[in-house]
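This report concerns only the one structure given below.
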Amino acid sequence: MEKITYINANIFCDGEFRYGSFAVSKGRFEDVLNEGSIEGRTVDLDGAFVIPGLIDIHTHGNSGEDFSDGSYEGIEKMAGYLAREGITSFAPASMTLPYETLEKAYRAGREFHEKMPEGHSRLMGINMEGPFFSMKRKGAQNGAYLKDPDIEAFKRLFEISGGLIRIVDIAAELNGAEAFAKEASGMCTVSIAHSDAGYEDAKKVIEAGATHITHLFNAMPGIHHRNPGIIGAASENENVTAELICDGYHVHESAVRMALKLFPGRICIISDSLRCCGMPDGEYELGGQTVYLKGSLARLEDGTIAGSATNLYACMLNAVRFGMSREEAVRAVTEIPAREIGRSDEIGSVKDGLYADFVVCDKDLTKKKVFIGGKEI
């Protein structure tokens, strides 16, 4: 693959847009912001903006497919859609399901990661969302399969995944949650999720090793001045990053602005998208339950909001519209999620040596072109 140098670009580097050039060779970035002589073919971007490819570390599916189905072909279809939308890496989330169902999904995910088919989003991790959750805060998770944290079961699934589980979610109030967080945090990121924990239990699990909060404000108690709960415990610890669904339904735009103050520089935007993402209104399946999509809003039969029908790129644009600065929003869908799944040395930034996954866009972040490994999608 020939070396190509892209000139006259506004490149997102180190948290800000900087004018200059960058090169791509053998699928990776080279000579980023290099002011020396330029070798090889050049492409003039005419002042366009360049951001790293987006990374969704909490997506269940799209295009009628769900990661938990355990289908390689389904993952491939999901990854094709994501690539076209500018989401160049992802860590699909499993659901609260029997262990044997999870095993099948993780094997399929491992196969896809190892093959890394060209022109598709990179599967760079797995988010194990369940089954270690609270019945009271199960949300759209299937209550029939809930369990207390089980480190031995987790280790077995981690091995089956080939170490691809990069986030594991637990409810902080469950028996064994503190011990689980302490041990599992040495293997991957531990996140508090679908939990009814109070401040003290949440604080203990955070001190034991949890550094992530799954879909902030959703499937957890709200903030009360005498019971700050999970949100209070997490916000005051600078090691904790909070996921935020910016689809316009799960979190009010005022709460998005609140989150920016509670977690300055520690917001990770996610989609939490379901198989109905990119699909027309109708009935779909999620973890053995029926989901009804109507007007971009997905609900269970009892009215519970399920995941979203919005992809991560649209969520990023929403976040800016809700009050995030352009730079904050880009970090929250690139650099921060890469760090949370332990992949900062491969993806998430326009830096020498990293995969040349990037999006060429307008000043307002409107997508124009998507590149994975230096090749346009």
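The values are calculated or read from the model by the stated rules, or taken from the named source; none is laboratory data. It should be emphasised that the depicted structure is a prediction, and the values quoted were computed from it without experimental measurement. Here Cβ is always computed from backbone atoms with ideal geometry, including for glycine, and neighbour counts include all displayed protein chains.
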Q | region 318-347 residues that are at positive phi, paired with ones that are assigned to a helix (DSSP H, G or I) (beta carbon under 6 Å, 6 or more apart) | A | 323/257
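Picking from 312, 317, 354, which residue would you name as being more than 22 Å from residue 166 (Cα to Cα), among the hydrophobic types (A, V, I, L, M, F, W, C) and modelled with pLDDT of 95 or more?
Sole residue among the options that is more than 22 Å from residue 166 (Cα to Cα), among the hydrophobic types (A, V, I, L, M, F, W, C) and modelled with pLDDT of 95 or more: 317.
Could you check region 271-297 and list, in sequence order, the residues that are assigned to a strand (DSSP E or B) and in contact with a Ser or Thr (Cβ under 7 Å, 6 or more places away or on another chain)? Before you say what the answer is, go through the steps one by one.
Here is the first cut: in region 271-297, the ones assigned to a strand (DSSP E or B) are 273, 282-286, 289-294, 297.
Correct list: 273, 283.
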Q) Restricted to region 206-229, and to residues that are touching a strand residue (DSSP E or B) at 6+ places or on another chain (Cβ under 6 Å) and of a type in the set (A, V, I, L, M, F, W, C), which residue is nearest to residue 193 (Cα to Cα)? A) 213
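It is to be established whether one or more residues within region 33-49 are crowded, with 16+ Cβ neighbours inside 10 Å and within 17 Å of residue 347 (Cα to Cα).
Initially, region 33-49 is screened for residues crowded, with 16+ Cβ neighbours inside 10 Å, giving 33, 45, 48-49.
Within this subset, residues satisfying the condition of being within 17 Å of residue 347 (Cα to Cα) are none.
Looking for residues that are crowded, with 16+ Cβ neighbours inside 10 Å and within 17 Å of residue 347 (Cα to Cα), one finds none in region 33-49, hence no.
So which of 107, 137 is among the basic types (Lys, Arg), more than 29 Å from residue 358 (Cβ to Cβ) and either buried (at least 24 other Cβ atoms within 10 Å of the Cβ) or in contact with a helix residue (DSSP H, G or I) (Cβ under 7 Å, 6 or more places away or on another chain) (or both)? Show your work before the answer.
Values: 137 fails: either buried (at least 24 other Cβ atoms within 10 Å of the Cβ) or in contact with a helix residue (DSSP H, G or I) (Cβ under 7 Å, 6 or more places away or on another chain) (or both).
Among 107, 137, only 107 is among the basic types (Lys, Arg), more than 29 Å from residue 358 (Cβ to Cβ) and either buried (at least 24 other Cβ atoms within 10 Å of the Cβ) or in contact with a helix residue (DSSP H, G or I) (Cβ under 7 Å, 6 or more places away or on another chain) (or both).
For (1) in contact with a helix residue (DSSP H, G or I) (Cβ under 8 Å, 6 or more places away or on another chain); (2) not assigned by TED's automatic domain parsing to the domain that holds residue 273, each residue gets a yes or a no:
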position	(1), (2)
320	yes, no
323	yes, no
328	yes, no
331	no, no
334	no, no
348	yes, yes
358	no, yes
365	yes, yes
368	no, yes
Q | Breaking point among (1) crowded, with 24+ Cβ neighbours inside 10 Å; (2) in a helix (DSSP H, G or I), for residue 210 | A | (2)
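I'm checking my understanding of the structure. Among residues of region 110-134 that are more than 18 Å from the chain's Cα centre (by Cα), in a loop (DSSP other than H, G, I, E, B) and in contact (Cβ under 8 Å) with a residue 12 or more places away in the chain, which one is farthest from residue 357 (Cα to Cα)?
Of all residues in region 110-134, those more than 18 Å from the chain's Cα centre (by Cα) come to 111, 114-119, 131-134.
Narrowing the set further to residues that are in a loop (DSSP other than H, G, I, E, B) leaves 116-119, 131-134.
From what is left, the residues that are in contact (Cβ under 8 Å) with a residue 12 or more places away in the chain are 117-119, 131-134.
Values: 117: 14, 118: 12, 119: 11, 131: 33, 132: 34, 133: 35, 134: 38 Å.
Looking at the filtered set, the residue picked out is 134.
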Q: Scan (1) surrounded by 21 or more Cβ atoms within 10 Å (Cβ to Cβ); (2) under 26 Å from residue 56 (Cα atoms) for the single condition residue 186 breaks and write down its number.
A: (1)
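Inside region 1-57, counting only strands (runs of 3 or more DSSP E) that do not spill past its ends, which hold 2 or more residues that are at pLDDT 95 or above and closer than 27 Å to residue 124 by Cβ? If you could, list the steps in order and put the result at the bottom.
Numbers: elements: 4-13, 16-25, 28-30, 41-44, 49-52.
Ranges flagged: 4-13, 16-25, 28-30, 49-52.
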